[in-house]
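Enquirer: Could you have a look at this structure, given as structure tokens, before my questions?
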Amino acid sequence: MSTAPPPAVPVPAEPAAASRGPSGLRRRRRREYQLFLAFIAPNFVFLLLFAYWPVVYSAYLSLTRWDMVSPVKRFVGLDNYADLLTDPDFLGVLWTTLLFVVGVVAGSLIIGIATSLLLNQRLRARNAVRTAVFAPYVVTGAAVGTLWLFIFDPNYGLLKPLMGAVGLNAPAMMTDSHWALIGLIVVYLWKNTGFVAVIYLAGLQGLPRELYEAAELDGAGPWTRFRRLTLPLLSPVTFFVLVTMVIQTFQAFDIIAVMTGGGPANATSILSWFIYQQGFQTFDAGRAAGGAIIMFAVLLTITGLQARFLERRVHYR
Amino acid sequence: MTGTTTAPPAVRRNRAARPVQYVLLVLVAVLAFGPVYWLISSALKPGQDIYRYPPEWIPTRLRWQNFADAWNAVPFGHFFVNSSVVAVAGTALELLFAVLCAYGFAFLAFPRKRLLFLVLLGAMMVPGNVTLLPNFLTIASLGWVNTWAGLIAPGLGSVFATFLLRQHFLTLPKEILEAARVDGAGHLRTLFTVVLPLSRPILVTVALVTIVTKWNDFIWPLIVTNSDSMRTLPIGLLYLNNVETSQNWGAILAGTVIVVLPILVVFLLAQRHIIAGLTQGATK
């Protein structure tokens, strides 16, 4: 930046252009249009090539049968979708995805709100705690997965003495198909809670004090104030958190890859894992693309529904 | 108004609640940071102490050899270089493109600009998982599988960064830009000598969030690389997990610390920026 060219000789560009009348103005305008296109071109080229084109191409691939090596992609119409939606394995994947998303999103919201209420009190060291709570959200997912594998290790993990202290036997968390999904949800809750809490905290700090004083005068207890004032006032925040969390959770991958690889016995195989596995382990491009398009459709629908549903409740501000 | 008459009971109630709140605060802090502490402290212990029962809360003997074990078990040097190149070069390019694009949308005229902006925002609706397979095929047809170019290219378009920068550019005082124009500065010069210096905080925020995101990225590097020498740190960690068995947690945990430490340091130094950047959309 220090090597910027020396200030140019002040050219009276504007008056000259103006004196050239409408054609000069038009030329200048055209130049600005070209400049605009040149400025946005790099970003748009990459977005079109790596965000928009993939949707079109996935939609096409989902109508074919292809092993990703043979030169021929056989067109099969909607067969992949018909197969997927009648395949008990895939329906199982959808069910697991639903449990996982609901568990993670609802859990992060509840724990996150509770944490934000606590951090909103005038307590010593609350800023340090806020930092500690947010840190897991930026820690590399692969590392988070490894760390929790260690904690959940049935022989040497921390879970064993902790549960032992209250007289319980620690399960083999990630290798027992009854527990693996729960273990995974716990890990994602640990990672996400700080994000939710910090967003709600910002919301809480922007709420008008007088309303609360008035409500207290009217004899409203803490729970009533929370339900009748805080939650409705924060509904725009809830909307944002909900949409962000749902989209993020649907795409959860790294921790699953490290901790379970979709197992044991498909217990943690959610849609994002399924797409990867079909595409890059069994090389079934049609099914992978079909799964991807289904995910896209589900996310669009959920986002749309959330927007509509919350539109009616969000208008307090 | 009547505050003075009602304050005392409220204050008293508050005081009674204080100890409970502090207990909860400590609990939250332990739950949040305890696992990270356990990771780092265990990574420093010799094997017997890692596997000790009941657990040893504070390491008594340090074993730095764990880090050497991890470093020798898998090519961490390569991983480190690859991760750094991808994060730094990727962020620099993404930011450059975002800055140009945001400047265009903020200050240059174009018919149907709003429509184009919606096209830009629409890209945010496309989940990364949906793009995996086609992007792999695109990168393969370019011959970029297992290269830095292949690792970096698909992440170069940005909605988030462009959007935030444009929002900020629009808040800049118009007079300053006018003054630059009157001085004969073209748009590129206005951008680099006037607009960017006035946007330093938002640039830092966007750069940090972008670099952290790229450093942590997992699924794309997993797909687009296939040799140890091209893997990034997160994939290397998965590899280390597979190479070492659970009998050698020391090395695995040390490897995990190697991956996490740069991120934690950056986060602690610049948490204000990072938190603001990551939670931006909520308060826009």
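Enquirer: Check every DSSP H run in chain A and write down those whose alpha carbon atoms cover 30 angstrom or more along the long axis and whose mean Kyte-Doolittle hydropathy is 1.0 or greater.
Expert: Sorted by number, the helices that extend far enough and score high enough are A:88-119, A:180-205, A:285-311.
Enquirer: A further question follows. What value in Å³ per residue do you get for the convex hull of the alpha-carbon atoms in segment B:192-284?
Expert: 147 Å³
Enquirer: If you don't mind, there's one more thing I want to ask. Could you work out, residue by residue across B:102-112, how many beta carbons of other chains sit within 10 Å of that residue's beta carbon, and then give the average as an integer?
Expert: Mean shielding count: 5.
Enquirer: Still on this model: Please compute the length gained on full extension between A:Ile110 and A:Arg308, using 0.36 nm multiplied by the number of residues separating them and subtracting their Cα-Cα distance.
Expert: 69.1 nm is the gain from fully extending A:Ile110 to A:Arg308.
Enquirer: Once you keep just the Cα pairs under 8 angstrom separated by 6 or more residues, what percentage relative contact order results for chain B?
Expert: It comes to 30 percent, rounded to a whole number.
Enquirer: If contacts are Cα pairs under 8 angstrom and at least 6 residues apart, what is the relative contact order of segment B:115-205 in percent?
Expert: 26 percent
Enquirer: When the expected Rg is taken as 2.2 N^0.38 Å, what fraction or multiple of it is the alpha-carbon Rg of segment B:136-263?
Expert: 1.51
Enquirer: Quick one: plug the Kirkwood hydrodynamic radius of chain A (C-alpha pairs) into Stokes-Einstein at 4 °C, 1.567 mPa s, and report D in µm²/s.
Expert: 53 µm²/s
Enquirer: Helix by helix, which DSSP H runs in chain B go 27 Å or more along their axis at the Cα atoms and have an average Kyte-Doolittle hydropathy of 0.5 or more?
Expert: Membrane-span-like by this rule: B:3-43, B:76-107, B:249-269.
Enquirer: Compute the Rg to Rh ratio over chain B from the alpha carbon atoms, using the Kirkwood formula for Rh, and round to two decimal places.
Expert: Looking at chain B, the ratio lands at 1.09.
Enquirer: Ok, one more. Taking springs between alpha-carbon atoms closer than 10 angstrom, which of A:Ile185, A:Ile270, A:Ile199 fluctuates most in the Gaussian network model of chain A?
Expert: A:Ile199
Enquirer: For A:Ser177 paired with A:Ala82, estimate the spin-label separation in nm (one decimal), with each label point 7 Å from Cα along the Cα-to-Cβ line.
Expert: 3.0 nm
Enquirer: Oh, and also: Remind me, relative contact order of chain A in percent, using alpha carbon pairs under 8 angstrom and six or more residues apart?
Expert: Relative contact order comes out at 25 percent.
Enquirer: Let me ask something else. Counting pairs of Cα atoms in the protein assembly as shown, how many percent are more than 45 Å apart?
Expert: It works out to 25 percent of all Cα pairs.
Enquirer: Under 14 Å Cα to Cα from A:Lys191, which aspartates and glutamates show up? Leave out anything in the same chain fewer than 8 places away.
Expert: A:Asp254
Enquirer: For A:Ala220 and A:Ala59, what is the calculated FRET efficiency with R₀ set at 60 Å and r taken between the beta-carbons, to the nearest 0.05?
Expert: Computed FRET efficiency for A:Ala220 and A:Ala59: 0.70.
Enquirer: Further, regarding this structure: I'd like the per residue volume of the convex hull spanned by the Cα atoms of segment B:49-148, given in cubic angstrom.
Expert: Expressed per residue, the convex hull around the Cα atoms of segment B:49-148 is 239 Å³.
Enquirer: Output the pairs from B:Lys174/B:Lys214; A:Lys73/B:Lys214; A:Lys160/B:Lys45; B:Lys45/B:Lys214 with a Cα-Cα distance over 23 Å in this structure; if there are none, say none.
Expert: Over 23 Å Cα-Cα: B:Lys174/B:Lys214; A:Lys73/B:Lys214; B:Lys45/B:Lys214.
Enquirer: Rounded to the nearest 500 deg cm²/dmol, what is the calculated helix-only ellipticity per residue at 222 nm for chain A, with -39500 (n - 2.57) per DSSP H run of length n ≥ 4?
Expert: -21500 deg cm²/dmol
Enquirer: Here's a follow-up. Using a Förster distance of 22 angstrom, determine the FRET efficiency expected from the C-beta separation of B:Leu198 and B:Arg272, and round it to 0.05.
Expert: Calculated value: 0.70.
Enquirer: Mind telling me which of A:Val104, A:Val139, A:Val187 comes out most flexible in a GNM of chain A, alpha-carbon contacts under 10 Å?
Expert: A:Val139
Enquirer: Over the C-alpha atoms of segment B:161-236, what are the Rg and the largest Cα-to-Cα span, Dmax, in Å?
Expert: 18.7, 56
Here, each number is a calculation from the coordinates, and none is a lab measurement. Just so it is clear, the model here is predicted, and its values are computed rather than measured. Counting neighbours? That spans all protein chains shown, and the Cβs are built from the backbone with ideal geometry, glycine included.
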